[in-house]
1. Could you sort B:565-571, B:529-535 so that the peptide with the highest average Cβ count within 10 Å comes first and the rest follow in order?
2. As I understand it, the value is the acute angle between the Cα axis of helix B:312-321 and the longest principal axis of the Cα atoms of chain B; what does it come to in degrees, rounded to 10?
3. Report the number of Lys pairs in the range B:21-142 whose alpha-carbons are under 20 Å apart, with separation of 8 or more residues or on distinct chains.
4. Is the shape of chain B best called rounded, prolate or oblate, per the rule: a/c under 1.5 gives rounded, else a/b larger than b/c gives prolate, else oblate, with a ≥ b ≥ c the square roots of the Cα gyration tensor eigenvalues?
5. Which whole-number percent gives the relative contact order of the range B:1-146, counting Cα pairs below 8 Å spaced six or more residues apart?
6. Would you mind giving the mean number of other chain beta-carbons within 10 Å of the Cβ of each residue in B:8-21, as a whole number?
7. Just by accessible area at a 1.4 angstrom probe, what is the order of B:Met118, A:Met184 from largest to smallest?
8. Order the following by accessible area, largest value first: B:Glu38, B:Glu190. Probe radius 1.4 Å; ligands, DNA and RNA are ignored.
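The values are calculated or read from the model by the stated rules, or taken from the named source; none is laboratory data. Predicted model only: the values in this text are computed from it and were never measured. For neighbour counting, all protein chains shown are included, and Cβ atoms are generated from backbone atoms with ideal geometry for every residue, glycine included. Note: areas computed on protein heavy atoms with side chains; ligands, DNA, RNA excluded. Shrake-Rupley method; radii C 1.70, N 1.55, O 1.52, S 1.80 Å.
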Amino acid sequence: MIRRELRNVDIVIITTVATLFIIGLLFVYSASRSFTGNMSLLLVKRQITWMCLALFCGTIAFLVDYRRLIDISYFIFAAAVGFLIIIYIVGEERLGAQRWIQIGAFGFQPSEFMKIAFIITLASYLGRRKANIHSSMNMIGALAILSVPFLLIVLQPDLGTALILIPILVSMVLIAGVNVKSIMYFIFTCIIVSPFFWHFLKPYQKKRLLVFINPNIDPLGSGYTIIQSKIGIGSGRLIGKGWLCGTQGQLNFIPERHTDFIFSIIGEEWGFIGALLVLFLFFIIVYRGIRIVQATNDIYGKMIGIGVIAYLGFQMIINIGMTTGLLPVVGVTLPFISYGGSSLVVSVIAVALLLNVGMRRSIF
Amino acid sequence: MNRLKAFFIAISCGFSFLIVGLFYLQVIRGSYYRHRSEDNRIMVVPIDGPRGRIFDRTGKPIVDNRISFDLYVIYKEAGDFRRLEAFLKTIFVNIDKKKLLKVFQQAKWQPFTPTLIMEDIGKEKAIVLEQSRLEYPGLRINTRPRREYIYGRAASSVTGYLGRITEKELDRLEVYGFTKDDYIGRSGIEKKYDDYLRGQDGGLQIEVDSRGRQQRTLSVEKAEPGNPLYLTIDIELQKFCEEELGDKKGCVVVMNPETGEIYALVSKPDFDPNIFVTKGKGNEIKAALHDKRYPLLNRCISCTYPPGSVFKVVTSAAALESGKISVNTSYQCSGAYKLGEFTFKCWKAGGHGTQNVLEAIKHSCDVFFYNTGLKVGAEVIADYALKFGYGKQTGIDLPGEMSGLVPNARWKFNLKKESWYKGDTLNYSIGQGYLLTTPIQVVRMVACIANGGYLVKPYILEKVGNIEFAKHDVKKIGLHQDTIDMIKTGLSKVVNEEGGTGVRAKLPGVLVAGKTGTAQTHTDKNHGWFTGFAPLESPKVCFVVFVEFGGSGGGEASIIAGHILSKIKERGLL
């Protein structure tokens with residue numbers, strides 16, 4: 001039964017993701033060269049290992065009928081929340097935040113998995129209310145589902161991952177058919193209320209926002225990263241300095257350059273052309289994804305599809321925006337490219353779900 | 001569908017926003033940023049946290065760190081390779097041109113990070129190269145602390161050696177702060193106390209201009225040195241013992257019977273730990289690792305041997321304590337003992353005549369102990385063997401200790417599916433057969449007699465920094481004072497009376513007590529043991545000398561012991 005549907009698999013998306021991953025390996029190598037020395041392939045090897053795990057999980061997410069996942073959505077949600085709570089008890093602090101659980105040589109970040117769980121759960125909720133979708137009650141319900149994970153993640157503190165949930169929610173709610181007014185009210189309220197959240201931010205987060213407005217108020221501290229990242233990207237000019245030849249990256253200059261700030265290296269070494277290439281590849285995923293959402297008639301499929309697109313698309317926008325200084329620094333990774341197991345595995349699972357929806361669209 | 005379109009437009013706006021931003025940064029302001037990127041290069045200079053130094057009991061450093069000067073090149077700054085190569089040839093006359101080429105190829109892959117050309121070039125060459133840096137801008141000299149084993153092979157059985165961390169270990173240990181360049185202890189004290197010895201690396205973040213000249217320091221993280229370790233070892237004694245053993249295979253352990261402090265611990269053949277931390281010693285390292293004589297093995301703790309006649313101490317104790325014999329019990333030795341159709345010989349062909357236990361110990365008469373052993377029985381002997389600490393680890397603070405083997409009937413049946421024979425008991429009584437011990441267990445046994453019946457825990461580490469580390473662990477094993485006194489007397493006769501098997505260990509002016517042992521092997525050469533303590537009245541040291549295939553215990557082993565005792569006296573440890 002499944003073989004017929006395999007014809008519908010979107011090969012373009014698969015090739016695009018593969019290309020992004022390979023680009024990621026090239027730049028993880030470049031970024032980590034100067035601190036791994038003669039074990040230069042260490043991080044690359046780890047990333048490949050993570051990809052194998054990701055493919056394994058992704059294959060499962062792809063083969064299982066996504067409607068089954070919808071059925072067990074509450075279980076998935078509870079499990080993800082459970083993991084987040086476990087973090088408080090056994091997680092380790094790294095860079096001032098409690099986000100990781102260590103298993104052997106590998107770190108595991110449950111907040112990343114929460115994104116998938118959230119998408120599936122919200123899809124289940126909205127899909128079930130298809131008949132009465134227009135009502136504003138659905139907006140409130142969606143926010144209720146958002147609240148618990150949002151709070152748990154923000155308290156870690158991981159502002160970036162929590163914030164991604166908001167565009168995911170807005171996109172899903174929009175496409176589901178909830179009335180536009182309530183969505184607008186929500187966005188409006190967010191903007192009005194945000195100054196009050198200033199109090200709840202940690203000092204370094206406050207600094208990041210201030211520094212976003214003017215990086216030069218703290219050029220050796222919080223502004224450091226952003227100034228140097230801009231120098232890196234800007235100095236790449238049109239065609240870049242060449243792979244492995246970026247001075248900002250090679251000279252241990254940009255912190256977190258193999259994770260959140262990997263785009264700095266791409267911008268510096270492959271220039272504007274390289275940056276456009278990466279943007280183009282992500283755009284293909286978004287475009288093909290939207291086509292899948294358009295083609296499928298199943299509301300659950302649409303929900304999952306749009307959730308995944310919103311996740312990958314907005315996370316990319318926020319990450320690149322952050323490295324170019326267009327947006328404040330919040331810690332989010334660049335999907336498929338940044339070094340990091342949890343990010344990679346979750347991104348691959350997300351794409352697998354998208355392909356899953358795309359493949360089964362002719363059932364409906 | 002309008003909603004979907006709206007979403008698509010929204011996300012496309014996001015993309016466009018980025019494209020515009022990137023265009024502005026990279027195309028419009030590109031040259032400005034290019035300029036800035038060339039003016040402020042950041043360099044991270046690691047500051048090594050040196051490994052802790054190791055000292056002997058007198059405070060003399062045994063293991064230290066010395067400065068090594070390493071030569072690096074930075075590809076982007078080096079410019080003309082040929083010119084640089086020619087220059088280097090004038091300084092390093094024997095430099096391998098092919099290797100230099102390989103290094104330059106490798107440097108291309110990390111154009112801004114220093115690539116290692118040569119390690120440990122020596123102070124004079126380092127100065128010359130440092131002075132030439134203006135002419136040859138790509139060169140860099142970096143200093144690193146390097147481990148130095150001042151006494152080389154003499155202390156190697158105690159210190160152990162270091163090895164470079166492997167990728168697998170790094171995967172597991174990275175969370176504890178290990179980095180790719182770290183060395184980790186692989187044997188001995190270096191391994192056992194690696195956690196205390198490891199320093200913490202720091203770093204310097206400096207801004208340099210395009211010529212590599214330091215502009216300003218951005219941040220510093222201080223390095224922490226590792227903890228100094230103070231050992232119980234007396235290095236002069238250790239050196240002497242190592243020289244005494246010379247080319248032979250075997251070991252020497254010298255210990256304080258009251259506290260368990262180890263004054264010397266030598267295992268031969270040994271190795272020079274410096275080869276593992278010096279560049280260019282690859283062949284020596286390979287040789288050491290693959291040597292069929294196993295120089296990296298610490299025979300004092302990791303090898304088990306039949307104890308031979310030194311075990312008669314245990315047999316005597318078992319017999320006296322269980323009341324099976326007394327000082328008045330005597331047996332006749334005519335050179336052989338008949339058991340059924342088998343004959344068990346005594347080492348002296350004509351026999352020793354009639355003896356009591358004191359004389360039997362003095363002469364190491366096998367026949368006496370055959371009789372005694374049978375009377376006592378293998379189970380009781382095994383019991384006392386365990387009491388004296390055989391069959392289990394002593395707990396000495398070195399890695400790789402073996403437990404040895406204390407056999408009994410049940411063990412034999414489980415393993416060999418045979419019942420225990422009387423012949424086995426005969427062998428047991430004289431320390432042959434299935435019994436296996438390590439030299440450290442033997443010296444602990446004799447310490448037990450020396451200190452009045454307490455099993456001590458041998459140890460080597462006395463202090464970490466200013467903190468006392470040693471916990472003097474003693475356990476009373478429950479021997480009557482009479483038994484101890486009797487055995488002591490017997491042991492004294494061995495060395496001080498004419499006809500004793502250990503007279504070659506006699507020391508003028510000091511009453512030495514000891515027991516020889518000759519353990520039969522599967523070849524025609526026996527192992528030689530000599531263990532004992534001094535002075536008799538209030539023992540301050542106990543020792544064991546073991547010579548693999550060294551002939552009888554009364555031979556080489558005793559002679560070596562005698563020399564070592566002189567040195568011990570000289571060192572004031574008596």
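1. On the way: B:565-571: 18.4, B:529-535: 28.4.
Those peptides, ordered most packed to least, come out B:529-535, B:565-571.
2. Result, in degrees: 60.
3. Summing the qualifying lysine pairs gives 14.
4. Numbers: a/c = 3.12, a/b = 2.42, b/c = 1.29.
It comes out prolate by the Cα gyration axes.
5. Details: 136 pairs, mean separation 44.0, N = 146.
So the answer I get is 30 percent.
6. Values: counts 6, 0, 7, 14, 4, 1, 9, 9, 1, 5, 11, 6, 1, 9.
Per residue, the average neighbour count from other chains is 6.
7. My answer, sorted largest first, is A:Met184, B:Met118.
8. Numbers: B:Glu38 85, B:Glu190 0 Å².
So the residues, ranked largest to smallest area, are B:Glu38, B:Glu190.
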